Ligand SMILES: *Cc1c(COP(=O)(O)O)cnc(C)c1O
């Protein structure tokens, strides 16, 4: 029977299956950590931080509560504060901009380009005397043109802080996302490429002073002797989550290879459709190694396509609830970003998660094709 003949259920993301795939090992880890009573800042956290830093080739990695906190730590360590402007791409999660706001600085949203990543020309146009930093989002598991960004940063003496929440292990010219600028944050939210069983995050930096500052900031401002040396917060990665992440890191290369294979299958089955525009394929950009956190297409009659797929059991999502950051009225932006706004009427994310088998991908692709052939 062809795949289209039966109704499948393909949720956009499948949390129970993610757990079930590894249930035995995960429960062993919980038991082991629990029996040791090793809940906060223990060996498992240090091990994971070391392994994660090695994985991306960063000098330092620090576990934090989540990537949003992580960005706050990065920005505070960079000295961002009142009077500063910080440029970010509006096609991102509000979490990129919120830390800028909470430090008393001004978030300045700019356009993305045709690959949905921050547009270098738009950054240049937004720089003022007050601009202090650029916060590129390494969106969908793809790294921005970091050479172009760094040259703008050098020209205007700006810091680069990467929102690498979606890009742990993505590479640009061989260098990992999150290791280019002053510092960066990674997210381990369960639906991320490396997901834990709850919230979790990591900050990366190659700078020793920045590392020391961020280490204190995540733990009440305490230095190694326990002395409180600054007003700070509490944002630690649970030792249990670190143990789980350290376990998952061992098979992470395989998980990424599978995501890239799913992207390859979508590309093989959809690239001839005139009505959709696909992300750059995994084998089509010699400068990049993309990890496909998401498979974000542009589609004609997007809303109808979304409904059609839903009717056939296929979950899709428009990223960020369908709005760029500057489009959330209550946040007080008065920017117009025509390219980004138009994009948000066309974008759709197809399912791309570890629970999908090849037949699932074919089923999704067939229903996209069927929609446009009617
Ligand atoms: C998920 C995500 C975040 C936030 O990560 P949390 O760990 O949930 O705080 C920030 N930025 C981007 C681009 C994200 O995708």
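Among the residues of the range 58-88, those that are within 16 Å of the ligand (Cβ to nearest atom) and within 24 Å of residue 47 (Cβ to Cβ) comprise 61, 62, 63, 64, 65, 66, 67, 69, 70, 73, 74.
Please work out if residue 118 is in contact with a strand residue (DSSP E or B) (Cβ under 9 Å, 6 or more places away or on another chain), over 13 Å from residue 335 (Cβ atoms) and away from the ligand (no atom under 16 Å from the Cβ). Criteria not met by residue 118. Only residues in the range 56-68 that are within 8 Å of residue 205 (Cβ to Cβ) count as the first member; pair them with residues that are more than 14 Å from the ligand (Cβ to nearest atom) and part of a loop (DSSP other than H, G, I, E, B), Cβ under 6 angstrom, at least 6 apart or cross-chain, and list the lot. If the second residue must be more than 14 Å from the ligand (Cβ to nearest atom) and part of a loop (DSSP other than H, G, I, E, B), the pairs left are 58/179; 59/206.
Take the residues of the range 89-98 that are under 15 Å from the mean Cα position of the chain (by Cα) and over 30 Å from residue 43 (Cβ atoms): which is surrounded by the fewest Cβ atoms within 10 Å (Cβ to Cβ)? Let's see the steps before the verdict.
Taking the range 89-98 and keeping what is under 15 Å from the mean Cα position of the chain (by Cα), we get 89-97.
Right, trim to over 30 Å from residue 43 (Cβ atoms) and you get 89-94, 96-97.
Working: 89: 29, 90: 28, 91: 31, 92: 26, 93: 19, 94: 16, 96: 27, 97: 26.
Taking the candidates together, the pick is 94.
Within the range 328-337, none of the residues are at negative phi, part of a helix (DSSP H, G or I), at pLDDT 95 or above and surrounded by 17 or more Cβ atoms within 10 Å (Cβ to Cβ). Consider the range 163-199 and keep the residues that are within 10 Å of the ligand (Cβ to nearest atom) and not in a loop (DSSP other than H, G, I, E, B). The one that is farthest from residue 79 (Cα to Cα) is 187. Just give me the residues in the range 216-228 being touching a helix residue (DSSP H, G or I) at 6+ places or on another chain (Cβ under 9 Å) and outside any strand (DSSP E or B), in sequence order. 217, 218, 223, 224, listed by residue number. Applying the set (1) within 16 Å of the ligand (Cβ to nearest atom); (2) buried (at least 17 other Cβ atoms within 10 Å of the Cβ); (3) assigned to a helix (DSSP H, G or I) to residue 101 leaves exactly one unmet item: (2). Check the range 249-263 and report whether any residue there is assigned to a helix (DSSP H, G or I), outside the structural domain of residue 168 (by TED's automatic domain parsing) and within 16 Å of the ligand (Cβ to nearest atom). The answer is yes; a qualifying residue exists. For the range 270-280, the count of residues that are away from the ligand (no atom under 16 Å from the Cβ), under 19 Å from the mean Cα position of the chain (by Cα), under 30 Å from residue 366 (Cβ atoms) and crowded, with 20+ Cβ neighbours inside 10 Å is zero.
The values are calculated or read from the model by the stated rules, or taken from the named source; none is laboratory data. Just so it is clear, the structure is predicted and the values come from calculations on it, not from any experiment. Heads up, the Cβs are rebuilt from the backbone with ideal geometry, glycines too, and the neighbour counts pull from every protein chain shown.
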